[in-house]
Structure formats: C-alpha cells, structure tokens
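Reading through the structure tokens given below for one structure.
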Amino acid sequence: MNKRFRDFNCAALVSAAAMAMAAPAWGQTTPQAAEEPGLGEIVVTANKREENLQKTPVAISAVSAKQLELQGLAETKDLGSIAPNLSIVGATTNATASVVTIRGIPTSADETMGYDSPIGIYVDGIYMARSAASSFEVADIERVEVLRGPQGTLFGRNTTGGAINFVTRLPDRDASLSLRVGGGNLGQVNARAILNSGTIGGALRTSLGVLYRKRNGTVDNLLEPDRSRDPGASDTLGLRWAATADLADLVTLTNIFDYTRIKGVSGAFQLAALGDGTVLAPLTANGASFTRVQPANVRGYLAAATALNAECGTPLSQVSSTRLDRICNNAAGLSTDTLWGNMTRLTADLDGVTVRATTAFRWWRNTIGGNDIDGLGVIRGPMFTSATTLNGMPQSTLALFLPAANAAFLAGQAVPTTTQGLFETVNYRRQKQFSQEIELISDSGGSFEWVLGGFFFKESGYERNPQNFLFVLDTNQAVFNATNFGALAPLLQAGNPARFRGVPQSSTLGYRSWSESFALYGQGTYRFGGPDGALGLTVGLRYSWDKKRMEVFQNGAAPFTDPVQIALNDQKKSFSAPTGHVTFDYRASPEVNLYARVARGYRSGGFNARQPTSVANNIGLIPFKEETITSYELGFKTEFSHRVRINGSAFYNEYKNQLVSLPIPITGGGSFGNAVVNAGKTNYWGFELEGRFAVTNHLTLDGSFGYVKTSPQDFPQVSSTGANANAAALFTPGYAPKYTANAGVSYVRELGGSTRLTARVGYNYTSSFWMFGNPITSPFSLPTKGEARGLVDGQLRLDGLATGLGGEGLGLTLWVKNLTNKAYVMRSVDFGQLGYATTIYGDPRTFGVTLDAKF
C-alpha cells in the first residue's frame, strides 16, 4: 500500500463521505433565518455597510463560517468553488502564495514586489499588498465575500478584476469555548480552540483563537526518508486575539492581532517536457513573422547523463507528462512563512453618521531553504569549459591541426563533468506595510446614503534570490562549426565525445522596494421616490496617488559595484488615476432587482526587478505604466417565496495597458529574468449565473456557471525584421479559464432529540487554461497548460451528539476532497531557452474526520 494511505485507514469514512459532497456556498444567512424553512437572508458589506445581498447592485458571492467549516475552506487558495468566474491555484515555492483569477484577470504569477496585484485581497478591510503572502488560515472567520468586477471606489486601486474580503468574527457577548480536533490520510492532524471571555465589566469583550494543522507530503520523495519533508507537506500554527471595548455609549474600540507560521515543502515539481533539438518554425500574425525562442536540447544532455541515486532510475526516466507518485528531489529545503499583523479600529456612531478610523500594520517573512525546481535527483553530466573543449576527441582528428604530442594528450583527457542540477533556488523575502483609513458613513434607511473616506498606505520590501542552473550547450553547433573550424567541422562533430555539455550558472536577484499610496473617495446612493423607491442611482469616485521606488542591488553573478550601474538600478516613479462607477438599480418587484453598472479600475504601475540594465547603453530600470479597465455590466437578482434564488450578470471589459510578463533566461551570469510590456488592449466579455433552490425543508440544490472570453487586441512584439508588430492573434492571457461551474446538493434532517444530520455532495469544474500563453517566448506553452478538472468533494456531519456533556454537544464531520482522485496540472514553469518545463499537480484524494464541541 502506498505510504500516503497508511497514515489513516478510513475506507468506511470515504464510503460515507462519498454520499455527501460539498456544493458551492452561497452566502451568510442571519442567525434567525438559518433556522427557518427556505432560504435565509444573506448579509454583505460591499458598500461599507451591512446590506441584504439581493438589494446590493454588485456581482458578489458570500459564504458563511458554517459553510466554510463544513466544506473545509480555510484560506484564499481553497475558495475556487464558491463563486462563478473565480479560479484559484496554489503556489510554486511557498505556502502563502496563490494565483487568483476573477473574470479572466489574474494576480501576477511573478511574485517580485515591483508588481501590484489586480485582485485585492482583504482581511477585515485591510489590504494584503503581496499575493505571495495573502493565503493563510485565520482562526476565527465569520464570512468571506467575493466581489467580481472593478471595485475602484470603496476598495481602491489594484482591484481591476475584483476583490476577496475575509471578515473575522468579533468577540461574543457571552462566554464560550469552542474546540475542534481532527485527522485524516497523509498524516493529517488539525486542532483549534476559540475562547470568548464574554462581557467583562460591562464594556470589554475578548476572544482568543489558536489553530494547528499538519500533514505529510502528497508525493513520495525517494531521497527523503521523513514523510513530513515530502513535497506538499505543511505545518501551520496560527494565533488570533481580538478585543472590543465600549468606550462610551456610541464609541467602540476594536483591536485584532493575528500571527501565522507555516513550514512546508513546495509541491512536487515534475520534469514534464524537454527540448530535443527540433527547430521551432517562426509564427505569423497580421502579415508579420516572429522568431520563436528555441529551447536547448536538454533531452540530448540527459541521455548522456547518469543518475547518482540508483533508486531514481535514469535521468530520462524521471521525465513524465502524467502525475507521478514518486519523485527524486535532491534539494527539498523547508519554506517558512511568518506573518503577523495588528488592526485597531475606532468606531463612533454619531447623529446621522458613523465615523470609523482604522490603523493597521502587517509583516511577512519568507525563507526558502532550497528548492529543486527541475524534478530530478542528483545527476552527473558532461560540462563545458573553453579549456577542455577538445578533450576526448579522436587523436587522428586532432593531429590534423595540432602537434602530435598535443593531439595525443588531449585525446587521452576525459570531458569534465558536473553535478549541477538544471535549476535550484533559495530565497529570502521580507515585507512590511502600514495603512490608515478614515471613513464617514451615513445612517442607513434614508433616500440618500453616502460614504466618504481617505486612505494612506506605505510598504517596504526586500528579496534576495540566489539561483543555480545549467545551460545546455550543443557544442556541434556552438563550437565545432564551419565558422570556427572550416572543413574540419564535420570530422570534429562526428568524433565529439560529448555533444551536449552543461554550463553551470550562478546568479542572484536582489532588490529593495518602497511604495506609498494616498487616496480620497466618496460614494452616494439616491433612491428616487424615497427609501423604498424602485429606482436608485449610485455614483462613486476615487482618486489615487502612488509613489514607487525600486533599488536592484544584484541581478547576476555578483552585486553591482559600478556607481553608474548602481544609479541605473535605483529608480523612482509616480502614478495616479481616477476610478469610480455609475450604477442604476431598479427594484421591479419585491422579488426582482435589476441593475446596470459602468465602472473604471486602476492597477498601479511599477518596476520589473528582473529587467536587465546596461551601463554601455545607459539603460536603467524602466517603469511600466499603470493599467486601466472600463467595465460595463448588466445584472439581475431574484428571489421567490424564499425558496428560489437566481442571480446573474453579463459584462464587457476593456483593459488598456495590461501588463504581460515574458520569461527570458539570461545566460552568461544573468538571472532567469523577464521583460514586462504594457500590452495595449485586451477585451473581456462573459456572463455568470448563481442559483439556489430549497426544494423542501430538508433538500437544497445550488450551483453556478461562469463564462469568460478573452480577446487580445494589441500585443506588440519584435518581429523577425526587428520592427514592432501586433502579435495579439498569437497570444492568450494566462490563468484565464473560459468556463467555471459548481453544482451541489445538501440534505438536512433532524434525527430525533437534538441530533441533526447534514449531508452535502458537490462538483466543481474549471476548464483548461494557459499559464504561458505567448508561444513566441514560451516553447512549452502546451505541456504547461492547466488541465481541465472536475473535482468532487463531500461532507457528512452530525450535530448535537452527547449533549449530556454540556454545551451544544459534540459535532462529528466526515469529509473527502477530490473523491475520484483526479490528477491535474495545477501550476507549471516554462523555462524557455533553458530547454525544459516543469509541472506541479493538484492534491490527490484526501479524507478525514473532525470532532468539535462548544461550551
């Protein structure tokens, strides 16, 4: 039996959980409505105030803490099944990163700190600036809200695609203790405790939450005997302390501190595709020809190399385009992420207006102690040096142009070898941020409701990323050619003892970054005919001013020492733009709400830390421009008899100056880099539907469907003639699945006494998507494509067990994820000219049991 399944023998558990797989959650119901037959009211805060979802003219989905816990959704990268046109994939090298896509617009897969994300991630309204540090579990979540489309007024810059807001739970007025423990296959262990103090002294309430989660890896690393160090393993410790104090009758002070430490090993990189010497033909578009990046012949090099670990097989046997259960990873260092932050919020409910001041600090540190990205064990292969080029050549060939003694000596010398892997890296990153926001919010219920605010944000970051990689040289083409050896070239090529030789490279990317942002915003909603009028108009406007600075102190084999080069790699730039929206909504009846919305979003410009600079040409860091998006949306929200709820929207987006990252390996000591261009214009259009149907008081159906069509309009590339030409017809935006869908069934039944059964069965589908959609620079765009996947998850829960113990009794949940054990590519890396591509597969089937109690 595979060791992944020896950890927890739960065949019976799987059979039970297969009866109830998770459907996509639809929102937070009020406590009263949750106990009533039919569909409860969903409360959201998209407009800075609590509102009924069905009356909020925004494309938004929400999921409550109860649903999150039932479905096992704990952090950002778990949320892909809760909303249409939402896709989330996990990290490549550290546990807290993810790529989030909303309506075809993804966060950047490049995690350097010169980029801002087009998807805003928030915790209690606090902006998480780095996508590499935005996916972590919080001990006490109340709900999660997903807003689709530009949110440039109230959420601000860097929300061109949308926003995800995690809302944590405030301390309860009543004292309580909640406990949860669980386990599962892959050695899973989880525990959580949440203590509420209740009201102390009539004014103070506190809560303390602690969580621990651990699991072994998902793939067996044959070179690592410790299962807790296998790829995909993780060890998480989280702490959250919250306090709320009533300073006066209408003045409240809230403070929330959180701390998370995650130790883990990245997912298993598999070597999935190799360059084999096949020349890639030029591509044509709009009458222009584009020369493609030619991958090095790594297949030829690996064919001549030997594996130093017998259990790993030959180097070529470790290459696979399908999921492997066992790999060889010779550099499996731990990745450690430490995140902590504090938010202080003062709220004063004055006559007709609420004043809210929020101050927040956050810190993140990440250390990756070594990462084998090539998916190979230790190998030995021929190495290229100029001094040993002729070693091992036939003596008769060498004697044609060398003295006999020299020819004999060189013929007897072996070609040197190297054990340098194809690609290994370590990384040291840190980031800190400060934000201050002041909000003025009118009371709800009048004909005119408004919000005014000001926002300040400051951030600094650091990264030092040493990389060791191998560039494979075809010496028959690069050295033993007619240009160098004339008529002798064919003889040298025929006698070459090692045609493909590796050139070991070492380089480091190191930089510091700083940014500041300031914004003023306002939004007002007027209902014609009074508070209950059918027609409403909402207008929002925000103006943002950003300042960015980046100092790259190393981008190659050695730190910069030339004063001119240092100056060229230390640059500043300012950006600014207005954002906002105009929305009409029409309440056609108590059951039907229609809306039309035009919105503008803004993603700040910045710097590409990987960009090569040139002293000779006086080329320094070149800032890229800000992105802007204009979105047009029509939507409807309906609910009938508290039994049927159907919401939908259609949208058309024009995205201008959109960033595109093009991977460019730089040989000769330069780092593995890329160039960034503002691609001109891309259009997006699509639609989405969400529905929920309470068939009976026990049976509920729900589901969603999303469709996005991406249409690049202008994508400038350098053609074969050296002139710029539009290659939009060749380019496909990355991480943008065309279809997303969810479907589910839930069943609730009272079993007698206080015992309640909840069973859920659900299916989540994401169509295939490109991760490297530019075939000009990405020779392995097809084998690195994200595969279509349909995942089945499920839960079976019993509440109200053993009530004699006190409190609410015990709750028991049996759960399973990826029931059918679907294998699918989740992330990938196209190394372009270096000559290979690697893939990471999503988690296999996992299952387990949790036991919880509340007193």
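Computed over segment 345-459, the quotient of the alpha carbon radius of gyration and 2.2 N^0.38 Å is 2.58. Per residue, the chain exposes an accessible area of 38 Å² to a 1.4 Å probe, with every protein chain left in place. A crude spin-label estimate for the pair K66 and S711, with each label 7 Å from Cα along the Cβ direction, gives 4.4 nm.
Segment 211-247 and segment 806-852 have their alpha-carbon centroids 14 Å apart. Could you compute the FRET efficiency for I622 and H642, with r as their C-beta to C-beta distance and R0 at 45 Å, rounded to 0.05? My answer for the efficiency is 0.20.
The shape of segment 245-343 comes out oblate: with a ≥ b ≥ c from the C-alpha gyration tensor, a/c is at least 1.5 while a/b does not beat b/c. Using a simple spin-label model with pseudo-atoms 7 Å out from Cα toward Cβ, A482 and E142 lie 7.7 nm apart. Partner aspartates and glutamates whose Cα lies under 17 Å from the Cα of K458, excluding those fewer than 8 positions away in the same chain, are identified as D116, E437, E516, D546, E551. Hey, what did segment 279-426 get for relative contact order, percent, Cα under 8 Å, at least 6 apart? Reported relative contact order: 23 percent. Sorted largest first, the spans of the alpha carbon positions of segment 40-137 along the three principal axes are 41, 28, 24 Å. Figure legend: label point modelled 7 angstrom from the Cα of A494 along Cα→Cβ; residues of segment 371-395 with amide N under 16 Å from it are 393-395. For the chain, averaging the sequence separation of C-alpha pairs within contact (under 8 Å, six or more residues apart) and dividing by the residue count gives a relative contact order of 14 percent. The residue among A519, T638, L204 whose Cα reaches farthest toward the positive pole of the charge dipole of the chain, with charges on the beta-carbon of Lys, Arg, Asp and Glu, is A519.
What's log10 of I(q)/I(0) for segment 56-214 at q = 0.10, 0.12, 0.14 Å⁻¹, Debye sum over Cα points only, no solvent? Computed log10 I(q)/I(0) values: -0.41, -0.58, -0.77. The slack between T630 and T291, meaning 0.36 nm per residue of separation minus the straight C-alpha distance, is 118.7 nm. When only Cα pairs under 8 Å and 6 or more residues apart are kept, what is the percent relative contact order across segment 50-104? Rounded, it is 23 percent for segment 50-104. Considering only T838, L757, M128, the residue lying farthest towards the positive end of the dipole of the chain is T838, judged by Cα position with unit charges set on Cβ.
What is the Rg over Rh value, at two decimals, for segment 412-500, using alpha-carbon atoms and the Kirkwood definition of Rh?
1.56
Taking square-rooted eigenvalues a ≥ b ≥ c of the alpha carbon gyration tensor, is segment 714-855 rounded, prolate or oblate, where a/c under 1.5 means rounded and, failing that, a/b exceeding b/c means prolate? Prolate is the answer for segment 714-855, as a/c is 1.5 or above and a/b outweighs b/c.
As a rough guide to protection, the peptides 702-713, 110-121, 219-230, 487-498 ranked by mean Cβ packing within 10 Å, highest first, stand as 110-121, 702-713, 219-230, 487-498. Could you tell me which of rounded, prolate or oblate describes segment 131-268, using a ≥ b ≥ c as the square roots of the eigenvalues of the alpha-carbon gyration tensor, with rounded for a/c under 1.5 and, failing that, prolate when a/b is larger than b/c and oblate otherwise? Here segment 131-268 falls in the oblate category.
Short to long, the 5 Å bins of the Cα pair-distance histogram for segment 513-670 hold 2, 7, 12, 13, 12, 10, 9, 8, 7, 6, 5, 4, 3, 2, 0 percent of all pairs.
Each semi-axis of the equivalent ellipsoid for segment 716-799 is √(5λ) with λ an eigenvalue of the Cα gyration tensor; in descending order they amount to 50, 10, 8 Å.
Which value in deg cm²/dmol, rounded to the nearest 500, describes the helix-derived mean residue ellipticity at 222 nm for the chain, given -39,500 (n - 2.57) per DSSP H run of n ≥ 4 and division by the residue count?
-1500 deg cm²/dmol
Here the spin labels are modelled as points 7 Å beyond Cα on the Cα-Cβ line, and at Q413 and N309 they lie 3.4 nm apart. Put simply, when 780-792, 763-775, 554-566, 258-270 are sorted by average Cβ atoms within 10 angstrom per residue, most first, you get 258-270, 763-775, 780-792, 554-566. Each eigenvalue of the Cα gyration tensor of the chain, multiplied by 5 and square-rooted, gives one semi-axis; in descending order these are 51, 32, 25 Å. Charged side chains reduced to their Cβ positions (Lys and Arg at +1, Asp and Glu at -1) give the chain a dipole of some 1120 debye around its Cα centre. State which entries of K263/K656; K625/K785; K817/K854; K432/K854; K637/K822 exceed 31 angstrom in Cα-Cα distance in the structure shown. Listed pairs above 31 Å: K263/K656; K432/K854; K637/K822. Here segment 363-497 exposes an accessible surface that is 58 percent carbon and sulfur, computed with a 1.4 Å probe and the other protein chains kept in place.
Note on A802/V695: beta-carbon distance plugged into 1/(1 + (r/R0)^6) with R0 of 25 Å gives a FRET efficiency of 0.20. Taking the average, over residues, of other Cβ atoms within 10 Å as the packing measure, peptides 68-76, 451-459 rank 68-76, 451-459 from highest down. A Förster radius of 45 Å combined with the Cβ-Cβ distance from A588 to N821 puts the calculated FRET efficiency at roughly 0.45.
Looking at the P(r) of segment 565-647, how many percent of alpha-carbon pairs lie beyond 19 Å?
The answer is 63 percent, as a whole percent.
Its residue count N sets the reference 2.2 N^0.38 Å, and the alpha-carbon radius of gyration of segment 414-563 equals 2.08 times that reference.
The values are calculated or read from the model by the stated rules, or taken from the named source; none is laboratory data. Being a predicted model, the structure only gives us computed values, none of them experimental. We place every Cβ from the backbone using ideal geometry, glycine too, and count neighbours over all the protein chains shown. Just so you know, the surface numbers come from the protein's heavy atoms only, side chains and all, with ligands and any DNA or RNA stripped out. Shrake-Rupley method; radii C 1.70, N 1.55, O 1.52, S 1.80 Å.
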